[in-house]
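S.K.: Please read through the structure below; I'll follow up with questions.
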Amino acid sequence: MRIVTWNLRFDSMPNNITVQQSLDSLQDSLLQPTFLALTTEQPWSTRRIQVAEKLLSSGISLASFQEALVRQVQDLAELFGPEWSWVS
């Protein structure tokens, strides 16, 4: 069983971009995403897909989050899919 804890960082720059809008704006999967070159704090709408991908690709069974706002947990629930359960 793989257990992970992750600090999502408070979303101090909400911009009302939906998960689907973030997914639709992704570039060709063969190109390096531009957000990887960013070094300053980025809004949650920029970070959420990278967080979900990193967690899901690591084969986790259980995840714990810090500094998570309800909208951040809802975004991750959408990205993780229905096979995941959530406890507050």
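The values are calculated or read from the model by the stated rules, or taken from the named source; none is laboratory data. Please read all numbers here as calculations on a predicted model, not as lab measurements. Methodologically, a virtual Cβ is constructed for each residue, glycine included, from the backbone with ideal geometry; neighbour enumeration extends over all protein chains shown. The protein model used for the area step is the full one, side chains on, heavy atoms only, and it has no ligands, DNA or RNA in it. Shrake-Rupley method; radii C 1.70, N 1.55, O 1.52, S 1.80 Å.
S.K.: Which one is farthest from the chain's Cα centre (by Cα), of the residues in segment 50-76 that are more than 14 Å from residue 6 (Cβ to Cβ) and assigned to a helix (DSSP H, G or I)?
M.R.: Selected residue: 70.
S.K.: Kindly indicate whether any position in segment 65-80 is modelled with pLDDT of 90 or more, exposed (fewer than 11 other Cβ atoms within 10 Å of the Cβ) and touching a strand residue (DSSP E or B) at 6+ places or on another chain (Cβ under 7 Å).
M.R.: For segment 65-80, residues modelled with pLDDT of 90 or more, exposed (fewer than 11 other Cβ atoms within 10 Å of the Cβ) and touching a strand residue (DSSP E or B) at 6+ places or on another chain (Cβ under 7 Å): present.
S.K.: Within segment 1-18, restricting attention to residues that are over 25 Å from residue 59 (Cα atoms) and either in contact with a helix residue (DSSP H, G or I) (Cβ under 6 Å, 6 or more places away or on another chain) or modelled with pLDDT under 75 (or both), which residue is surrounded by the fewest Cβ atoms within 10 Å (Cβ to Cβ)?
M.R.: 12
S.K.: Starting from residues that are closer than 17 Å to residue 11 by Cβ and hydrophobic (A, V, I, L, M, F, W, C), keep the ones in segment 37-54 and report whichever is most open to solvent (accessible area, probe 1.4 Å).
M.R.: At the first step, the residues of segment 37-54 found to be closer than 17 Å to residue 11 by Cβ are 38, 40-52.
Going one step further and asking which of them are hydrophobic (A, V, I, L, M, F, W, C), we end up with 38, 44, 49, 51-52.
Working: 38: 85, 44: 4, 49: 30, 51: 15, 52: 5 Å².
It comes out as 38.
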